[in-house]
Structure formats: C-alpha cells, structure tokens
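Here the structure is laid out as structure tokens; the discussion comes afterwards.
The values are calculated or read from the model by the stated rules, or taken from the named source; none is laboratory data. It should be emphasised that the depicted structure is a prediction, and the values quoted were computed from it without experimental measurement. With ideal geometry, Cβ positions are generated from the backbone for all residues, glycine too; neighbour counts draw on all protein chains shown.
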Amino acid sequence: MVYIQTYIEILILTLLLIPFIKMKWKGIVTVSAVILNAIIIGYIALPALMGEKLEFILSGTIITSEIPIRIDALSGWFMLLINFTVITGALYGLQYMKAYQKQTTNISLHCLAFLLMQTSLMAICIIQNSLVFLFAWEIMTLSCFILIIFEYQKQATLKAGITFLIQSHVGVLFLTLGFIWVNYRTGSYDFEAIHQFSTTFPPVVSLGVFFAFFIGFAIKAGFVPFHTWLPYAHPASPSHISAVMSGVIIKIGIFGILRMLQLIQTDYVVLGYLILVFSVISGIYGVMLAIIQHNLKKLLAYHSIENIGIIGIGIGLGTLGIGQENSNLVFFGFGGALLHVLNHSLFKSLLFFGAGNLYQATHTMNIEHFGGLVKRMPQTTILFLIASLAICGLPPFNGFVSEFLIYSGLFQGMKNIAMLNIMTLLFSVFGLVLIGGLALLCFTKAFGSIFLGNARKDFNDTPTESKMGKLLPMYMAAAGIVSIGLFPKFFLSLLLEPIKLYADKMKFMEDISPSIQISDTLQYIGYCAIEFIVLVAFILYIRKWVTNKKPKPIQATWGCGYVGETKKMQYSASSFIRSYRKLAEPLLSIEKHKIDIEGVFPSLGKHETHPHDKIEIWLLEKPWKRMRHFFIRFQFLQNGNAQFYVLYGTVFIALIIGFPILFDAIKKIIYFLNQI
Amino acid sequence: MLSLVLMVVTSLFFMGIVIRTKSITSGRKGPGIFQPMKDVIRLWKKGAVFSRTTSFIFQIAPSIYFASIIMAILVIPFGQYKGIVSFDGDFVFFAYVLALGKFFSIIGALDTGSSFEGMGASREALYSMLAEPAFFILMGSFALYTGHTSFYEIFTSLHFGSYISYALGILATFVLIMIAMIENSRMPVDDPKTHLELTMVHEVMILDNSGFDLGLILFGTNLKFAMYGALIANFFTGSFSILISILIFLVVQILFAIMVGILESFSARFRMGNNAQFIFTLTSFSILIFFGVLLIMGKFV
C-alpha cells in the first residue's frame, strides 16, 4: 500500500514537472521516474511472483463500488517483464528522441504519455474491478495513441494512429459487453463475480462470456483476424514505442486472456481446441505475410502476430491440459506460453531498437535499400543477429527454450489418443514447425539483405554506428536473451507459481512431478547450449591455430571471371524470397507491376511488388466500401443547414415520446377488435 | 560415445563409397574410398582466399555450421547406448541445432554479396523449411507409437510386430533417406556435380569458401550423411549384442551409401520449380506413417 502511494506521488510530481522544465531535462526526468517506479513495482511484484498473494480493497466511489486490488503470481510475472521492456524502451528513447529536440511541446506530451502508459499497464495487471479496469484500459489506449502519432505531420502516421484508436475501441466494446453481461447477472463489478458467474451458469454460457472477452483482448494481442491495426501502428511510431508496443502492450492482451482463463470455469477441452486452431492460423498467417514485406518494421510487426500465435499455442495446450486433467500439458503449455511472453518481449524489442538504429543512420526502412551495414555498424549487426536467431527459435538462445516447452507439451499431449485430440495436436506440431522454418527464411532474408553484401544504395551521410546510449538498452535485452538460453531452469522455476494458478483448476490435483521432470530437461538444454558455445569456440580456436600462418589473400567475390562492380547484381531481398513467393502466391494477395526488358536495345525494365493483407481486404476494406456505398444514399440528410438539424432533433424527440403512446393506442385497438 | 566414434569412422569412407558406386555404374574404376577424406585433409592444409566484400560472418559461419552438425551427432544414440546428450524431446533439439547451422551457412553465402550465392541460399532456406515438417511428423509418429520423446528411448522401445509396422519401417527409412538427400543437397533436388551456377543449390553457396573452411563444410556433409545413416541404422540394431550391432550399423551405412550412389547414377535432378512440391510430398508420407501408427494402436477399425 505504501509502495503504491509512493508510486502515485512520484507519478503526479513528474507529470506536473515535465511541461515546465528545460528540454535537456525532460527526457532524463522521465527516464528516472520510469526506473524509480519500476523499482517500486519490483518490490510489489517479486513477492507476488514467489507466491505471496497480495490483496486489499480500496473503498472506491458510489459508481465504481469497492475496488479490489489483487496481485497474484500472474500479475507479478507480467509486471516484472513489462517493466524491463519499458525501462529499456525509455533508455533507448532518451537517445532516440534527441533527433527531435526542437519539438518541445510534442516531446513533453510524449514523456507524459509514456509515464501514463507505464502506470496504466501496471494498473491493468492489479485492478480487479471491471469499471476501473476499463478506465485503466482506456488510459493505456489513449496514451499509446499519443505515443504512436508522435510524427503527426506525416499522414500515414496519423492514419495508423486512428486505425489503432478505432480498432482498440472495438476491443473495448467487446470487453464492456463481457463485463456488462456478468454485471447484469451478478450485480457486481468485482472480477470474482466472473468466476461465480461461470460456476453457476452452464459451460456454454461461460464459453460465450469468455469469447466476448477473448475477442476484446485478442484485438489488443493481435490474433488473426483481429490483427489489422498492428502492421500500421508499428511502422508509424518511433522505434522505442514500437519496441514497447510489440514487446509488452500486445502482451497485455495475452494477460487479459490468461486472467479470464483463470477466472472463467467452462468446458476447457473445447476452449483448448479453439484456441489452438486460432493460434496456429495466427502464427502461420503472420509469418507468411512477414516474409513478403519490404518495410523492416512492418516485417517485424507481422512477426509479432506470428509470436502471439506461438504463445497462443502454449495457452491452448495448457487449457486442453486443464480439461483433460493432464498436469503435464498444463506445465508445458502455460510454462511455454508465459516464458515465450518474456522471450518475445526481449528479442522483439531488441529487433525494433536495431531497426531504430538503422532508421536514424539511413532514414529509410525499405529492406531493398540497405546492404553491407555490417562494416558500418558492427555492434548493431551482432545484436540484430542475436535477436534474429532467438526469434527463429534456434538454440542456444531463449526462443528455443519456450518453443521446446511447447513442442514437448504437444508430443506429450499425443499420448491421449482420442482422434480429435491427436489430429489437433498434429496440426499444431505441423503449424509450429512451419512457423519455425518460415521464420528462418524471413530472418535470413532480413539480416542478409540489410547487413551483408554490398551497399545497394548510396546514402547522403555514410551510416555510422549508433551511440552507446542507444546500444546499452540493446545490450541489456541481449543479456536477457542469452541468459534465458543458457539458464532456462532458473527462469522456469520463477514460473512455477503462475503455472500453479492453472494447475489448481484441475479437479484431481496430481503430484508436482511434471515440474521436476521439466526442469531436469531444461537443465539439459542449458547444458547443451553451453556445450554448443564451447564447441564453437573450440572449432574457431582450431581454425585460428591451423590457418594462422597460411596465406590469406583478399580478392573479389567469385563472379565467373567478372570482377567489376557487382552492387546491382547481388541478390536482393525480393529475389531471395522469389521461390517462396511463387509457392505461396495463391494464398496471398500481392500486387505486381512489371515492365519486361524487351528488344535489342532494351529500355528500362521494372518490377514492383506490393504485398497486401488478404484478411484485411476481405474483413475490413470490402465491407467498409459496401457500407459507405449504402450510407452515401442518406447523404442528403447531412445538408449542413442548422434548421434541418433542429428539425431532426424535434422529430427524434417526437418519436421518442410518440412511440409509447402509439404502442398503447395499437394495443387498445387490438383489445377493442378482440372484444367484438 | 560409441555412436560418435562410429559415425566419425563412417564419415571417413561414406562419400568414397558413393563416388565409387557412381564410377562403377558409369563403367569407370573410380578413386579409392578414402579419396574424399584425403581431399578434405588437403584443403585443411591450404591457405584461403577471402572476398573483400565479406565480413566476420563469413569467417565464423563454416565453423558454426560444422559445430551444429557435431552437436546434432552427439544426440544420436547407438542401439542400446545413449548418445552423449539424451533427454526428453532431444529430437527437437536435433532439428533446431541443424537449423542453426543452416542459418549460418545461408548468411555466410549472403555475406559475399555475390550474384549467384543468394540464389543457392534462397533455395536452401526454402527446401529445408519444407522438409522440416516431414521429420517432425515422422518423429511425432514414433513418439506416439512408443510413448517416449527422446531418440534413445524411441529406438530402444521400438519393436516390429505386425506387418503394418514393417511397412512403417520401410516408409520411415524412405522418408529419412529423402530427408538426408535434401539436407545434403543431393540428387533428386540438387546435383552436386553440375557445373552451372544457375542450377546449383548447395554448391553455389560455398563458391567463395576455400581452404580450411571449405574442408570443414565438405567434412560436415560427410558427417551429416553418416548421421542420417546412423538414424536409419538405429531402426534395425534393436537389442542385439554390441558386436552384431556394430556390424549391422556398418552394413546399413554401406548399403545406404551404395543406394545414394545408385540413386544419383540413374536419376536426374528435378526442375527447380518442381522441387518444392516434391519435398512437401514427403510430409504426406510422414502423415501416412502417422496414420499407420494410429492403425496399429487400434484407432481406425
């Protein structure tokens, strides 16, 4: 309680201070407030993660009634991981924003919004009163909106911001629907009421409630087909905001889903299957579209959708485990999902930071324009490489650990040989493998064409390595990635309490043997990772030892005897994925413009591809066009004449008053007719 | 430990047998079976030429590629003897560590900024991605069949009972051979002997590697063949005594090598465009195995 008071005091003080201090100090004050608040939250969250549930009730107001604050292990885990990315994001932003120093008021607003975003995220994790929860949710959405439209002068940014705002509010609509449903039946705003509601009503009803919440939270998390805001919002916002958004804000949607899973008692088997199918589709669709993107940040945004899919597979598996009373599945599924939430927040923020470095060095995000940056920005290259390997789920980094847990769970789950079960799990394995392979294709493309080979375009200023201020938060994230990869057992042991929240839902609680077995396996993985690094070091050492005194002439790249300029001849990102594009073309929507080279003295040839999102076209654009077509007929009503609007008002009031009278009159007439 | 030693020993002559078989079928005498290994050793002794476009990525990539193969080999058991590393779900680790090697060999190729090597890299990335589901579903079926999820436990508890299980064994061997051919960029998908850069897959990726690095890559290919051969051999070694097991192991490896040689002599490479479909068909073979397992377990009756 004291901690929360201090938190709020610091927050209010900083919020009041920021508009009035000098430009130089704005960023530093914000970052120190963020770090200070994160430390305070750490004091609350850490014991909660260890299993000490903190619970107290604020008196609230007449409208909200009592506000219960409950901090359990799940909140603790999310609060800690959110704060880590928020801190690295703030540190990175401190340097990143120096380029925009002249826009004083804009920066002030940005700082305020950043602090509010951190606070609202924390509030969402701990508040268990629906009304106040929605209030905090709304603050988060609005502060994110302000953060996204930092470069509001650009039209694309503004459009992306508004798309985000509208879609987020569609999400709020579904959440409100769920909360009202529960409140109508139980008369309480407390989250406990959701649990009571689901136990008193049949599973089908609670499944309905769950899906209202699921859609609401899935819009924030970016599950296909609710993902359409994501690929616009991420490229539009400044890089540290993209990092925080992709790293943690979409995860708050996952938090919501997990919270509802914990509260709502329903038919878990059906729910598990549904979540699994949803997630596999999200994962494959996300990565399939990621590959064909030309904008680096958009590519990363689609990868977020893919990773949400992987997290979803874990959640679905765990849910299936609760339904089938299989503690193995619960441990593997929720363990994998929760760990992947952390992992993704680490490597995705690192990738976005890397994209930020690239953007500030070259002022472009088009992958086709880069090339050969490894020599100009060696540190960014290594950090980007680590993150790329991690996001592909390759050992010895963290992505492998969580994907391994989910794989193990899927194979364990196959022991139950009910036909539906086995086919769904097979489908999930297939999906997960395909996701892994496609991610590898995608990141070899991104990394290869950005950092390797020759520069494809001459930039006005030669790109240079970023300053230490920007690299430091990147190293922090990279340290997280490597340490989870090398010591997975420790991180899984942190997850035992959050997983127990779900394991307790099983009617016949088995012994905790799976947790021991899993941590043994993870220990092996940690050993293997270390062993692998030692092996690589050993081979490199031998290589150095053997080749030390040998001649090593430097020559041109092999080009069948051609040794001239090869800048334009090297493989580009589009040509790298050409065979994939040909293969996947029926499933995707790619707009192509092509001018073939013809004749003996050919003129300029051209080949352009513009990837589109098929789901967006079918779900949003086309219905939207139809709707506009329909509503345009009523345009004559909007004639801009004030008198007409008064008339509409009068007609409306007359209708409202007149309708019940008319109803009564009709009733009387019918009564009269019946009498005859 | 035994499995590692055996695989390394096999890798010394595996490629030699393949080349010898190809020579004999084309009516030549051919080099001795240790010739490929002698070539590798000669490369190890040589200096190397590096492209001026390349960076440190190009320097470390072959070593990491080689290390990934060694790491994958450590996981594979031999009959009743565990691999050096063995844990539940180790075949996931096996596949992913190989993918790591592939990642590095791809970015190593892209590092040269060549107009050819990206082509090979692109094809390799796509083909290995398509081959991966086949392997996972294959291992998943055996995990389902035996109820275990590590190589060692799967192979030790695998026993052939009914006719269907023999059919499954043959299918699995076929899928594994095909995966081995794809992963090593051999005949039906890639022709290692082609002299045109445009038709190469793996060879074009390593055009700029020379000296020690090239030696590592070539030896890596040999080891990879021995590794897949060992996987296949594990289907048959079962619970025999150690001497017979070693004998079976060697016989299977030699047969595998001869088969690769014959396959390469009498088949032509597919058109590049058809490779993707062909590789994806392997997944349906794997699914067939999966259904076979369900049949044995009495789910379809």
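Going by the conditions given, is A:SER574 facing another protein chain (nearest Cβ under 9 Å), in contact with a helix residue (DSSP H, G or I) (Cβ under 7 Å, 6 or more places away or on another chain) and surrounded by 11 or more Cβ atoms within 10 Å (Cβ to Cβ)? Before the answer, list the steps.
Numbers: facing another protein chain (nearest Cβ under 9 Å): no; in contact with a helix residue (DSSP H, G or I) (Cβ under 7 Å, 6 or more places away or on another chain): yes; surrounded by 11 or more Cβ atoms within 10 Å (Cβ to Cβ): yes.
Considered against the rule, which asks whether it is facing another protein chain (nearest Cβ under 9 Å), in contact with a helix residue (DSSP H, G or I) (Cβ under 7 Å, 6 or more places away or on another chain) and surrounded by 11 or more Cβ atoms within 10 Å (Cβ to Cβ), A:SER574 comes out as no.
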Residues within segment A:415-439 that are touching a Lys or Arg at 6+ places or on another chain (Cβ under 7 Å) and part of a helix (DSSP H, G or I), tallied = 1
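Please give the helices (runs of 4 or more DSSP H) falling wholly within segment A:154-241 in which 3 or more residues are under 25 Å from A:ILE82 (Cα atoms). Quick ask: steps written out before the conclusion?
Numbers: elements: A:155-186, A:191-200, A:203-221, A:230-236.
Result: A:155-186, A:203-221, A:230-236.
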Across (1) surrounded by fewer than 19 Cβ atoms within 10 Å (Cβ to Cβ); (2) touching a Phe, Trp or Tyr at 6+ places or on another chain (Cβ under 9 Å), A:ILE12 clears everything bar (2)
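Condition check: within 7 Å of another protein chain (Cβ to nearest Cβ) and surrounded by fewer than 22 Cβ atoms within 10 Å (Cβ to Cβ). Does A:LEU434 satisfy that? Working first, answer last.
Values: within 7 Å of another protein chain (Cβ to nearest Cβ): yes; surrounded by fewer than 22 Cβ atoms within 10 Å (Cβ to Cβ): yes.
Yes, satisfied.
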Any idea which residue in segment A:444-496 is surrounded by the most Cβ atoms within 10 Å (Cβ to Cβ), counting only those that are part of a helix (DSSP H, G or I) and in contact with a Pro (Cβ under 9 Å, 6 or more places away or on another chain)?
-> A:GLY485
Residue identified as farther than 24 Å from A:LEU472 by Cα and in the same structural domain as A:ILE257 (by TED's automatic domain parsing) among A:ALA90, A:ALA73, A:ALA99 = A:ALA73
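Go through B:GLY101, B:GLY108, B:GLY118 for me and flag whichever is within 7 Å of another protein chain (Cβ to nearest Cβ), of a type outside the set (Ser, Thr, Tyr) and part of a helix (DSSP H, G or I).
Working: B:GLY101 fails: within 7 Å of another protein chain (Cβ to nearest Cβ); B:GLY108 fails: within 7 Å of another protein chain (Cβ to nearest Cβ).
Selected residue: B:GLY118, the only one of B:GLY101, B:GLY108, B:GLY118 that is within 7 Å of another protein chain (Cβ to nearest Cβ), of a type outside the set (Ser, Thr, Tyr) and part of a helix (DSSP H, G or I).
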When segment A:517-564 is examined, which residues are found to be at the interface with chain B (Cβ under 7 Å from one of its Cβ atoms) and hydroxyl-bearing (Ser, Thr, Tyr)?
-> A:THR521, A:TYR524, A:THR547, A:THR557
Within segment A:634-657, the residues that are modelled with pLDDT under 90 and not hydrophobic (A, V, I, L, M, F, W, C) are A:GLN635, A:GLN638, A:ASN639, A:GLY640, A:ASN641
Does B:MET181 fit the bill of being facing another protein chain (nearest Cβ under 9 Å) and either closer than 22 Å to A:ILE417 by Cβ or in a helix (DSSP H, G or I) (or both)?
-> no
For segment B:156-174, state whether one or more residues are surrounded by 21 or more Cβ atoms within 10 Å (Cβ to Cβ), within 13 Å of chain A (Cβ to nearest Cβ) and not in a loop (DSSP other than H, G, I, E, B).
-> no
Out of (1) part of a strand (DSSP E or B); (2) under 27 Å from the mean Cα position of the chain (by Cα), the odd one out for A:PRO47 is which?
-> (1)
Hey, among A:SER120, A:SER143, which residue is crowded, with 19+ Cβ neighbours inside 10 Å, closer than 21 Å to A:LEU74 by Cβ, of a type in the set (Gly, Ala, Ser) and under 18 Å from the mean Cα position of the chain (by Cα)?
-> A:SER120
Enumeration of residues in segment A:146-156 that are surrounded by 20 or more Cβ atoms within 10 Å (Cβ to Cβ) and over 19 Å from the mean Cα position of the chain (by Cα) = A:PHE150
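Return yes or no: is B:SER23 assigned to a helix (DSSP H, G or I) and at pLDDT below 90?
no
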Just for segment B:53-69: of the residues that are of a type in the set (Gly, Ala, Ser) and part of a helix (DSSP H, G or I), which one is nearest to B:ASP111 (Cα to Cα)?
-> B:ALA61
With respect to A:MET419, determine if the residue is over 24 Å from the mean Cα position of the chain (by Cα), at the interface with another protein chain (Cβ under 7 Å from one of its Cβ atoms) and not acidic (Asp, Glu).
-> yes
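Please indicate, with yes or no, whether at least one residue in segment A:293-300 is in a helix (DSSP H, G or I) and in contact with a Lys or Arg (Cβ under 8 Å, 6 or more places away or on another chain). Steps first, please.
First, the residues of segment A:293-300 that are in a helix (DSSP H, G or I): A:296-300.
In the following step, the residues that additionally are in contact with a Lys or Arg (Cβ under 8 Å, 6 or more places away or on another chain) were identified as A:300.
Within segment A:293-300, one or more residues are in a helix (DSSP H, G or I) and in contact with a Lys or Arg (Cβ under 8 Å, 6 or more places away or on another chain).
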Determine, yes or no, whether B:THR199 is within 14 Å of another protein chain (Cβ to nearest Cβ) and touching a residue at least 40 places away in the same chain (Cβ under 8 Å).
-> yes
Condition broken by B:PHE91, with the remaining ones in (1) part of a helix (DSSP H, G or I); (2) within 8 Å of chain A (Cβ to nearest Cβ) satisfied | (2)
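Yes/no matrix, rows are residues, columns are (1) within 30 Å of A:VAL374 (Cα to Cα); (2) surrounded by fewer than 18 Cβ atoms within 10 Å (Cβ to Cβ):
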residue: B:LEU6; (1), (2): no, no
residue: B:PHE14; (1), (2): no, no
residue: B:LYS22; (1), (2): no, no
residue: B:LYS29; (1), (2): no, yes
residue: B:VAL40; (1), (2): no, no
residue: B:ALA48; (1), (2): yes, no
residue: B:ALA67; (1), (2): yes, no
residue: B:MET71; (1), (2): yes, no
residue: B:PHE78; (1), (2): no, no
Please indicate, with yes or no, whether at least one residue in segment B:44-52 is within 14 Å of chain A (Cβ to nearest Cβ), more than 26 Å from A:LEU452 (Cα to Cα) and in a helix (DSSP H, G or I).
-> yes
Residue list for segment B:212-246, restricted to those being modelled with pLDDT of 90 or more and either more than 22 Å from B:LEU74 (Cβ to Cβ) or charged (D, E, K, R) (or both) = B:PHE212, B:ASP213, B:LEU214, B:LYS224
Of the conditions (1) among the aliphatic types (A, V, I, L, M); (2) under 22 Å from A:ILE305 (Cα atoms); (3) out of contact with any Phe, Trp or Tyr (no Cβ under 7 Å at 6 or more places or on another chain); (4) within 10 Å of chain B (Cβ to nearest Cβ), A:LEU394 clears all except one; give me its number.
-> (3)
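One line per residue, one yes/no per condition, for (1) free of Cβ contacts under 8 Å to residues at least 12 places away in the same chain; (2) surrounded by 24 or more Cβ atoms within 10 Å (Cβ to Cβ); (3) more than 30 Å from A:GLN95 (Cβ to Cβ):
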| site | (1), (2), (3) |
| --- | --- |
| A:ASN295 | no, no, no |
| A:ALA301 | no, yes, no |
| A:GLY309 | no, yes, yes |
| A:THR319 | no, yes, yes |
| A:PHE334 | no, yes, yes |
| A:LEU346 | no, yes, no |
| A:PHE352 | no, yes, no |
| A:THR362 | no, no, no |
